[in-house]
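First the structure, in the form of structure tokens, and then the observations on it.
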Amino acid sequence: MIDVAANLAAARSRVDAACRRVGRDPREVELLPVSKTHGAEAIRAAHAAGYRRFGESKPQEVVAKAAELAGLGLEWVVIGHVQTNKARVVAEIADEFQALDSLKLAEALDRRLVSLGRRLPVLVQVNSSGEATKGGFAPGEVPSAVRVLRAFEGLEVRGLMTLAANTPDHGAVRACFATMTAVQARLRDEHGGGFDALSMGMSGDYELAIEGGSTCVRLGTSIFGARDA
Ligand SMILES: *Cc1c(COP(=O)(O)O)cnc(C)c1O
């Protein structure tokens, strides 16, 4: 049996300890439980432990879970790649979208958001490792993309998100996080601040991510156990 509450408590103390190691205030770092593929019971357990924002990859899965768990006041953070034809669902149901990875998707989302009269907090996904299998804007493309994104009324660009290289080489993982803070610094220079959110770190690398400046760690496996393939 997976003890979700115990896993959350253990992960939270590791988050806090990582913050202290680098002199950061633990309140700067959100632990976002990633509930994709896990059922309503797992989410109820995390909610009972004090969590109400959940990371999900697929818009259709959010629709189903939001219906099943209506009344708990949960917020849904979409963290996975979204096809343009799913923009409407995301515009309707997401409380935050962390995987904005193309201007085409931004345009589709914005159109839906404006017609709903909504403004959606978004993070721009950056391919910090350069791996062809990973989504996101190349680091060098981000400043020009952000200039375009800031003109969209329905989108509120709060910061950046990444998946670091999946490797045991800590140096390579840290380099991904350093790329992110460098991109953030460029954006802050150009726009006079902002872009505070840095969503980076998963079950395998979240302590390194916090040491590298993360403000949101997305934890699936370490909270809810392994996902079925
Ligand atoms: C699934 C997923 C996670 C969680 O990964 P774990 O390794 O299970 O913690 C984090 N971020 C994104 C974008 C994901 O798709």
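Numerical summary
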| item | result |
| --- | --- |
| Selected residue (only one of Ala11, Ala18 is out of contact with any Ser or Thr (no Cβ under 6 Å at 6 or more places or on another chain), under 19 Å from Ala209 (Cα atoms), small (Gly, Ala, Ser) and touching a residue at least 60 places away in the same chain (Cβ under 8 Å)) | Ala18 |
| Conditions (1) under 15 Å from Pro26 (Cα atoms); (2) in a loop (DSSP other than H, G, I, E, B); number of the one not met by Glu207 | (2) |
| All positions within region 219-229 that are near the ligand (Cβ under 10 Å from one of its atoms) and assigned to a loop (DSSP other than H, G, I, E, B) | Gly220, Gly225, Ala226, Arg227 |
| Filtered residues of region 75-94 (kept if closer than 16 Å to Arg218 by Cβ and more than 16 Å from the ligand (Cβ to nearest atom)) | Glu75 |
| Every pair of residues 6+ apart whose Cβ atoms lie under 6 Å, when the first sits in region 23-47 and is farther than 15 Å from Met1 by Cβ and within 16 Å of the ligand (Cβ to nearest atom) while the second is in a helix (DSSP H, G or I) and of a type outside the set (A, V, I, L, M, F, W, C) | Leu31/Arg12 |
| Inter-residue pairs, beta-carbon under 6 Å, first aromatic (Phe, Trp, Tyr) and modelled with pLDDT of 95 or more and in region 214-229, second assigned to a loop (DSSP other than H, G, I, E, B) and more than 6 Å from the ligand (Cβ to nearest atom), 6+ apart | Phe224/His38 |
| Options Ala66, Ala145: the member that is in contact with a helix residue (DSSP H, G or I) (Cβ under 7 Å, 6 or more places away or on another chain), closer than 24 Å to Ser35 by Cα and among the small types (Gly, Ala, Ser) | Ala66 |
| Qualifying residue in region 195-218 (condition: out of contact with any helix residue (DSSP H, G or I) (no Cβ under 8 Å at 6 or more places or on another chain), away from the ligand (no atom under 16 Å from the Cβ) and charged (D, E, K, R)) | yes |
| Residue that is out of contact with any Cys (no Cβ under 7 Å at 6 or more places or on another chain) and part of a loop (DSSP other than H, G, I, E, B), where the choices are Ala132, Ala182, Ala175, Ala164 | Ala132 |
| Checking Thr84 against (1) more than 17 Å from Gly154 (Cα to Cα); (2) of a type in the set (S, T, N, Q); (3) touching a helix residue (DSSP H, G or I) at 6+ places or on another chain (Cβ under 8 Å), the condition it does not meet | (1) |
| Contacts under 8 angstrom Cβ, first residue in region 99-112 being away from the ligand (no atom under 16 Å from the Cβ), partner at pLDDT below 95, 6 or more apart | none |
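The values are calculated or read from the model by the stated rules, or taken from the named source; none is laboratory data. Everything numeric in this text was worked out from a predicted model, so none of it was measured. Heads up, the Cβs are rebuilt from the backbone with ideal geometry, glycines too, and the neighbour counts pull from every protein chain shown.
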